[in-house]
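A.B. asks: Structure in structure tokens, see below.
Every number here is computed from the coordinates shown, using simple stated rules; none is lab data. What you are looking at is a predicted structure, and each value in this text was computed from that prediction instead of being measured. Backbone-built Cβ (ideal geometry, glycine too); neighbour counts: all protein chains shown.
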Amino acid sequence: MNEIIKKIEDEQLKENAPEFHVGDTVKVYGKIKEGNRERIQVFEGTVLKRQGGGARETFTVRKNSNGIGVEKTWPLHSPNVEKVEVVRRGKVRRAKLNYLRGRIGKKAKVKELVK
């Protein structure tokens, strides 16, 4: 990669990037701009995947809202992501949990990791 691009991307990285993995249930505190006002909205769900690297890294969170599955993809180092809080750890054996999209109810749960 070009050295100039790499230097710019390194400046945009967050120093305290949140520590979470695929399968974890997380609360994402995202900034939402409405007109001239700004507020923080919480999106809680299961992390389906993490992809990319460096400043371009993204993660996808899925939740069930009124019986409808809702997915949202967030850039990890974005200034619009205030913080990511881990609610519970998940025990999974794969990097992408796309199979959860076809499941409903209790089948769509991920086992909790007990240490």
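A.B. asks: Return the residues of the stretch 59-114 that are among the aliphatic types (A, V, I, L, M), loosely packed, with under 14 Cβ neighbours inside 10 Å and under 16 Å from the mean Cα position of the chain (by Cα); say none if nothing qualifies.
C.D. replies: 70, 87, 95, listed by residue number.
A.B. asks: Tell me, which residue of the stretch 33-51 that is free of Cβ contacts under 8 Å to residues at least 24 places away in the same chain and acidic (Asp, Glu) is surrounded by the most Cβ atoms within 10 Å (Cβ to Cβ)?
C.D. replies: Per the stated criteria, the residue is 38.
This table checks each residue for (1) farther than 30 Å from residue 7 by Cβ; (2) in a strand (DSSP E or B); (3) of a type in the set (Gly, Ala, Ser).
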{"residue": "27", "(1), (2), (3)": "yes, yes, no"}
{"residue": "31", "(1), (2), (3)": "no, yes, no"}
{"residue": "41", "(1), (2), (3)": "yes, yes, no"}
{"residue": "50", "(1), (2), (3)": "no, yes, no"}
{"residue": "60", "(1), (2), (3)": "no, yes, no"}
{"residue": "77", "(1), (2), (3)": "no, no, no"}
{"residue": "93", "(1), (2), (3)": "yes, no, no"}
{"residue": "115", "(1), (2), (3)": "yes, no, no"}
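A.B. asks: Of the residues 54, 30, which single one is free of Cβ contacts under 8 Å to residues at least 60 places away in the same chain, of a type outside the set (Ser, Thr, Tyr) and at positive phi? Steps first, please.
C.D. replies: Details: 30 fails: at positive phi.
Result: 54 is the single residue among 54, 30 that is free of Cβ contacts under 8 Å to residues at least 60 places away in the same chain, of a type outside the set (Ser, Thr, Tyr) and at positive phi.
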